[in-house]
Structures are given as structure tokens and as C-alpha cells.
Amino acid sequence: MGADSAYRSIVVCACLVFGLTIASIPIDSVRGEPISDPEPLSDDEVATLWSKEPNQCLTDEEYESRYDVTPTAMQTLATCTDITFKRPPDTAERWTAIDFEQLQAGGDRTSIYPEGASRTDSELIADAHVSIFSVQPSTRVHLDDTVVPLYIAPEGTVRSFVDYRVRSPPEPSDLDENATVEWSVLETDITEIRVYTDDTEQTSVSGSHTSEIPYAFEYAGRSSLRVEADIEATAQTEIIGNETVTPETEIYTDRLTVESEQDVVVYDPRVQRYIAEYPDGETAVGIFTAQPWDSYTLSSSSDAEVRGVWRYYTGKDTGWETLTERSGTHTTTLEDTAVPVYVHAYPSESGPRVEPVRDGPTIEEVWGTQYESPAPTVHEHVAIDIVDSPYQRSYGVATRYDHIEVDEMVVHGIVRGTTIDVTDEQTEIRTVRNAELEAEIIDQTESEATVRLTLRDAETGLPIMLENPFENPQFAPISGGSRTGYVTIAGERLETDISGVAEITLTEPGVQAATYHPESWLNRDPAYTGDTVSVSWHPLTTLDGWVTAVTTTVWWSLPFLVAIYAGLRISTFLRYDDSL
């Protein structure tokens with residue numbers, strides 16, 4: 001193995017080790033308010049941004065030769081693999097806000113625009129556009145094999161870039177062939193920029209080539225965000241006079257409105273919570289939200305939390321990698337320009353999990369929807385641990401733990417800075433009580449015994465019915481639940497009736513354990529804990545049993561008694577008399 005190959009092997013090993021600890025180093029996300037005054041990124045933070053770049057696994061010497069700087073461990077690692085995050089990082093938003101300040105427009109007679117810009121021409125104005133540079137805070141979510149919606153915070157900032165060029169006014173149709181025409185731009189202006197949410201004008205500002213405009217949505221869900229810009233240009237043509245031509249000056253004014261629209265999903269999760277207190281002091285909680293979620297913490301004094309399926313990486317918007325500069329006669333490609341960076345969320349697990357793994361919460365049930373793997377939607381140069389088979393995106397998780405602080409629970413979203421404090425108005429309290437199971441032999445013969453099982457609420461004494469009635473107010477499933485409570489004895493499964501009673505006939509003598517397997521608190525209110533009781537029977541415990549036992553013993557003993565008697569009689573015939 002050559003030195004270069006050995007080096008790459010060492011770096012790959014470092015990637016594996018580093019990947020195990022990446023969630024605990026400072027590149028983890030900050031759960032805070034939208035960023036208004038971004039702090040410049042460190043070199044290590046910048047290195048994590050470029051997941052869409054090829055992973056070339058550069059040596060230190062190669063890195064230094066290419067970038068003229070000695071790399072840090074993170075910079076070297078980032079050339080070999082793509083850095084993923086446990087929570088949405090703030091680095092993408094900070095980079096985008098700072099880099100946006102470097103974006104420059106063209107002159108009066110040149111227009112600069114990104115790939116895919118919707119350009120419009122009018123009489124004087126050409127290649128005019130308004131392009132959305134970024135909408136943040138936001139996360140591009142790789143949901144399935146076709147859909148990658150942009151989830152945005154309800155309140156944030158849209159950054160827009162407007163540019164255009166002024167072209168020469170039309171020449172008069174009756175212009176003398178000996179005339180000379182000169183033209184000049186007198187004035188240009190972006191008079192106003194407006195932001196619309198769902199076709200409703202929300203904000204208008206005085207125009208400029210680069211604008212940062214606040215937005216706010218009132219409702220969550222699919223929506224659109226549109227930016228419009230009004231452009232004005234004034235130009236002058238001057239006909240130079242001579243012996244045959246009269247000098248003439250004419251002023252032209254033109255106005256044009258351009259727009260750009262972005263489909264978004266406004267991320268503002270609504271949470272419904274269900275809580276149950278067990279008699280042993282443990283607490284169970286169920287959290288439901290229709291929009292994707294990152295995690296929820298169970299206590300402010302511990303690290304216990306339930307995590308969803310999502311991990312995160314950052315990548316540039318490739319539509320801004322190069323810009324086009326166009327005049328009336330030339331077109332030039334511009335590189336190394338300002339580029340926005342977005343957070344991407346992808347499913348890395350097939351289902352929710354808990355932290356800490358050992359001695360952490362217990363997941364009781366998960367509700368979700370099946371989705372195809374979104375691997376086809378990920379950029380070809382992105383190497384991440386995305387699921388490669390169908391996965392379940394959960395919208396509800398029920399958890400049980402001995403240290404849940406109900407008032408301190410917080411749900412964290414997939415868009416940086418979004419958290420939901422769950423209130424009492426969003427909470428339904430459910431009751432969990434002890435159950436009491438009794439077993440009684442009500443009839444028995446020498447071959448079988450009939451046992452009556454009675455299930456009651458230990459606190460109230462009321463019967464607990466397990467049968468599926470047509471209508472039972474105690475059956476209150478949270479999310480599509482089904483009846484699952486039952487009692488087992490001697491390998492049989494029973495359900496109690498409206499009186500809390502079930503009967504079974506036992507044919508095998510001995511001690512039998514009857515166990516109540518309660519249905520989940522998620523499906524019943526009140527719910528109950530389990531209980532076990534033993535019952536024993538034997539045929540000898542009845543008079544008929546004793547008579548049968550004696551009769552059977554005598555009957556089976558007769559052949560042996562006859563054989564013994566016959567043996568004794570034969571021995572008398574064969575006995576030898578010593579007196580002879």
C-alpha cells in the first residue's frame with residue numbers, strides 16, 4: 001500500500017471515530033431565535049457547509065497546495081466525507097446572511113442573473129428579474145423519492161436580488177440616413193419591492209438591488225411566497241444635426257414589474273399531548289403532530305429525550321454557483337460569487353429512538369406513515385447515512401419514563417429556532433389505576449373444574465369489561481387504536497363481560513396462573529395495571545374424586561393381587577419336606 005493510500009485509510013478511520021462524536025462538538029445546532037446579527041463562521045464551520053462538493057479526500061499537502069493554508073482536522077475530514085448534524089445547525093443561515101452582502105449587480109447597461117432566473121424585457125429595460133436568494137430560517141426536507149419541500153419558519157427573512165439593463169431606445173422610422181444618433185441613460189431606479197404571502201401583500205420596502213425583507217405567515221401548511229419589484233428607467237436619444245438634419249432630443253421613460261415565487265411549507269407544528277400517571281410513579285406521555293418533528297425533551301433536569309428519524313446536513317444552492325453577466329453584445333459567466341446555503345433534513349433511521357439508550361425512556365407505541373426512501377433526491381456528491389428502503393415518518397409517539405417533568409416538556413422542530421412549549425390547553429390527562437383479578441372454582445368433578453375470573457377496579461370496585469361492545473365510553477383510542485386487553489389462563493385467552501366476569505373449564509389438574517394483560521392507556525380511559533392470581537384444583541378434593549380414586553386403585557391392583565395369590569398357592573405345592 002502506498003503512502004497516499006495509507007493516508008486515505010487513516011482519514012477514513014478518523015471519519016468513523018469522528019462521526020460517533022460529531023453531535024457533541026460545537027457544530028451542533030443552536031436552538032434560538034432567528035438570526036439578526038450573524039456571527040462570522042470559523043474555518044471549521046465553513047468546512048462543514050459544502051456537502052455537494054466531491055469528496056476527494058485530500059492529504060494535508062494537497063489541501064495546502066490547493067488552498068494555500070494548512071488545514072485543520074475538520075477541514076481535512078470534510079474533504080473525505082459529508083458532515084451531518086443531530087439538530088438543524090445555524091451555520092447555513094449565518095453564511096447566507098454574510099455572503100449576501102457580497103452580491104453585486106451590474107451597471108446600467110449590464111444585467112447579472114442566476115441560473116433559472118425569469119427574465120423580462122420591455123421597450124427600454126431588458127433581462128430584468130427579481131430572484132429569491134434565500135428564505136430563512138428554513139430546511140429542505142427529503143420526504144420521499146420525488147418530493148423535497150422547503151419548510152420555512154412562520155417568521156423570517158426573504159433575501160432578493162434585482163437586476164436589469166437599459167438598452168437603446170428605438171430609432172425614429174423616418175430618420176435621415178445621414179443622421180447620427182447617440183443615446184444615454186439618464187436615470188434608473190428600483191422604486192419598490194413587495195412581499196406577498198398567499199397572494200396577500202404583506203410588506204413593501206424601498207427598492208434596491210439586494211434587499212432583506214421580513215415576512216410573517218399566519219397559518220401553517222403549504223403556501224407560496226412571492227416577491228415583486230418595480231423598475232423604472234429613463235433614457236435620452238440625441239440626433240446630431242448637420243447641413244441636412246435638424247438636431248433633436250427625445251426622452252424615453254419605461255416602467256416594468258418583475259416577480260419571483262417560491263413554493264413553501266410554513267412550519268408551525270400544532271401539538272396534542274396525552275399524559276397518564278401510573279400508580280408506581282412512572283409517567284406516560286403521547287405526543288402527536290402532523291408536521292415533521294425533530295425531538296422532544298422530557299425533563300429540564302436530565303438528558304432524556306425522544307428523537308425522530310431526521311438528521312441534517314448543509315449544502316449550497318447550486319443554482320447560484322455561477323452567474324451570467326449580459327450586455328447588449330456580450331455574455332460572460334461569473335464564478336466565485338455569493339451563494340446561499342440551506343439546511344437539508346433526511347431520514348437516517350427507520351423509526352424514532354430514545355436517548356440515553358441505556359436506562360432511558362421506553363417507547364410504547366409509534367404512529368406514522370410509510371414513505372419511499374428519498375435517496376434519489378439527494379445530490380450525487382452527498383454521502384450520508386440516508387435510509388435506502390421505505391421508512392416510517394412518525395406523527396405520534398407514546399413514551400413511558402420514571403422522570404418526566406410535564407411542565408418542562410418542549411418539542412423541537414426541524415427548522416432551526418422552532419420550538420413548541422406544550423400547554424395545558426393542548427393536553428389531555430388520562431387515568432391509570434390498579435386492577436384486581438380474582439379466581440374462584442365454582443364447580444368441579446373428577447375430570448374438570450369450572451373457574452370464574454372476576455376483574456375489578458381496585459379503587460372503585462367497579463367491574464372491568466374487556467369484551468368489544470358496540471358502544472363503550474371507556475374505550476377511547478387516541479389514534480386508531482383497537483381493543484387489546486385480555487386475561488390468560490391455562491393457555492387460553494379470555495375477555496370479561498359487562499360484569500367483569502369470564503368463566504373457563506379446566507381439565508388439567510394443578511396450579512394455574514391467571515394473568516390480566518391490560519390494554520394500553522392510549523386506548524382506554526381509565527386504563528389499568530396488570531394483575532396475576534393463582535387457582536388450583538385436583539380430583540381428590542371431591543368425594544366423588546376419592547371414591548373414583550379408591551375404585552380405580554383397587555381395579556388396577558386386582559391383577560397384581562391375583563398374581564401374588566397364585567404364586568403363593570403354587571409355592572405350597574412345590575415345597576420340599578425336610579422330614580422325609
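The values are calculated or read from the model by the stated rules, or taken from the named source; none is laboratory data. On a predicted model such as this, the values are computed, not experimentally measured, just so you know. In this analysis, Cβ positions are derived from the backbone assuming ideal geometry, glycine residues included, and neighbour counts consider all displayed protein chains. Surface accessibility is based on the protein's heavy atoms, side chains included, excluding ligands, DNA and RNA. Shrake-Rupley method; radii C 1.70, N 1.55, O 1.52, S 1.80 Å.
Some points to look at:
Here's the yes/no breakdown for (1) more than 29 Å from Asp90 (Cα to Cα); (2) among the small types (Gly, Ala, Ser):
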| site | (1), (2) |
| --- | --- |
| Ile287 | no, no |
| Gly315 | no, yes |
| His330 | yes, no |
| Ala345 | no, yes |
| Glu365 | yes, no |
| Glu372 | no, no |
| Pro376 | no, no |
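- Summed over segment 46-69, residues that are hydroxyl-bearing (Ser, Thr, Tyr), at pLDDT below 90 and assigned to a loop (DSSP other than H, G, I, E, B) total 2.
- Scan of segment 460-483 for residues that are modelled with pLDDT under 65 and outside any loop (DSSP other than H, G, I, E, B), ordered by number: Phe475
- Any chance Arg358 is at pLDDT 90 or above, basic (Lys, Arg) and either part of a strand (DSSP E or B) or at negative phi (or both): no
- Within segment 87-105, the set of residues being closer than 23 Å to Leu334 by Cβ, open to solvent by 20 Å² or more (accessible area, probe 1.4 Å) and assigned to a loop (DSSP other than H, G, I, E, B) comprises Glu101, Gln102, Gln104, Ala105.
- Any hit, segment 342-355, residues being within 30 Å of Ala128 (Cα to Cα), modelled with pLDDT of 95 or more and touching a strand residue (DSSP E or B) at 6+ places or on another chain (Cβ under 8 Å): yes
- Look at segment 54-80: where a residue is on the phi > 0 side of the Ramachandran plot and a partner is open to solvent by less than 90 Å² (accessible area, probe 1.4 Å), sitting 6+ places away or on another chain with Cβ atoms under 8 Å, you get Cys57/Arg8; Cys57/Val11; Cys57/Val12; Cys57/Thr79; Cys57/Cys80.
- Residue selected from segment 157-209 under the condition within 30 Å of Thr237 (Cβ to Cβ) and either of a type in the set (Lys, Arg) or out of contact with any strand residue (DSSP E or B) (no Cβ under 9 Å at 6 or more places or on another chain) (or both), by the criterion modelled with the highest pLDDT: Arg165
Results for (1) open to solvent by 60 Å² or more (accessible area, probe 1.4 Å); (2) modelled with pLDDT of 65 or more; (3) within 29 Å of Tyr278 (Cβ to Cβ); (4) in contact with a helix residue (DSSP H, G or I) (Cβ under 9 Å, 6 or more places away or on another chain), shown as yes or no for each residue.
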| position | (1), (2), (3), (4) |
| --- | --- |
| Gly485 | no, yes, yes, no |
| Leu522 | no, yes, yes, no |
| Ser557 | no, yes, no, no |
| Ile570 | yes, yes, no, no |
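- Residues located in segment 214-231, provided they are crowded, with 18+ Cβ neighbours inside 10 Å and either assigned to a strand (DSSP E or B) or touching a helix residue (DSSP H, G or I) at 6+ places or on another chain (Cβ under 9 Å) (or both): Tyr215, Leu225, Arg226, Val227, Glu228, Ala229, Asp230, Ile231
- Once segment 201-213 is narrowed to residues that are of a type outside the set (A, V, I, L, M, F, W, C) and closer than 19 Å to Ile98 by Cα, the residue that is most open to solvent (accessible area, probe 1.4 Å) is Glu212.
- Unique residue being at pLDDT 95 or above and among the polar types (S, T, N, Q) when the list is Thr333, Thr289, Thr283, Thr329: Thr333
- Val397, sole failed condition from (1) crowded, with 18+ Cβ neighbours inside 10 Å; (2) in a loop (DSSP other than H, G, I, E, B): (2)
- On the stretch given as segment 185-208, residues that are in a strand (DSSP E or B), in contact with a Ser or Thr (Cβ under 6 Å, 6 or more places away or on another chain), under 21 Å from Ala153 (Cα atoms) and not aliphatic (A, V, I, L, M) total 1.
- Scan segment 130-174 for residues that are surrounded by fewer than 22 Cβ atoms within 10 Å (Cβ to Cβ) and touching a Lys or Arg at 6+ places or on another chain (Cβ under 6 Å) and the total you get is 2.
- Filter result (at pLDDT 90 or above and either more than 12 Å from Leu186 (Cβ to Cβ) or open to solvent by 70 Å² or more (accessible area, probe 1.4 Å) (or both)) within segment 241-252: Ile251
- Subset tally (residues that are buried (at least 18 other Cβ atoms within 10 Å of the Cβ) and of a type outside the set (Ser, Thr, Tyr)) for segment 45-56: 5
- Filtering segment 365-372 for residues that are surrounded by 15 or more Cβ atoms within 10 Å (Cβ to Cβ) and not in a strand (DSSP E or B) leaves a non-empty set.
- For segment 152-165, the criterion of being out of contact with any Ser or Thr (no Cβ under 9 Å at 6 or more places or on another chain) and either hydrophobic (A, V, I, L, M, F, W, C) or more than 23 Å from Gly319 (Cα to Cα) (or both) is met by at least one residue.
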